[in-house]
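In what follows, a single structure is set out as structure tokens and then discussed.
The values are calculated or read from the model by the stated rules, or taken from the named source; none is laboratory data. Just so we're clear, the structure is a prediction, and the values are computed from it rather than from any experiment. With ideal geometry, Cβ positions are generated from the backbone for all residues, glycine too; neighbour counts draw on all protein chains shown. Quick note on the areas: whole protein, heavy atoms, side chains included, nothing else; ligands and nucleic acids left out. Shrake-Rupley method; radii C 1.70, N 1.55, O 1.52, S 1.80 Å.
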Amino acid sequence: IYRNRRLYSYGSDPETNEIVWVNERAIKQLKRDDDAVGRKCYEVMAGKSGPCANCDLKRLKDMPEYSQMEQTIYNPHMDRSFACYDSLFPWVGGRLVHMCYALDITGRESLGMESCMPAPGVGYAHEA
């Protein structure tokens, strides 16, 4: 599932926002010549200097284990619209990692919203 070619996906440390893993599709879309590991997720994925306003980490940390959150966003850094699914996932060594899976929905709906803001009417918390 991590390497699914239809999904953009990455994992980041929920305490530092540093990327621990990113799939090839995301790297190609971002036109990177490195794998982005060790860089801040908000710098690489959104081109920002600080965490995104709608970052799900705070809410995820307060939810039951294996919960998932969904939102629809437009990312101007990638010039794409995504259906995003976020969760905290056990990783190597037993630590939790923020996993984000994103399906490109560009052209399937018109979002017309601010950068990285949830689409109107989209719910957040969905327990697994």
* Express the accessible area of region 1-86 per residue in Å², computed with a 1.4 Å probe while the remaining protein chains stay in the model. => 57
* Spin-label model distance (nm) - residue 28 vs residue 103, 7 Å beyond Cα toward Cβ -> 1.9
* Once both labels are modelled 7 Å past Cα along the beta-carbon direction, what's the residue 91-residue 21 spacing in nm? -> 0.9
* To do: Give the cross-link partners of residue 61 among the lysines, using a straight C-alpha distance below 20 Å as the criterion and excluding same-chain residues fewer than 8 apart.
  => 40
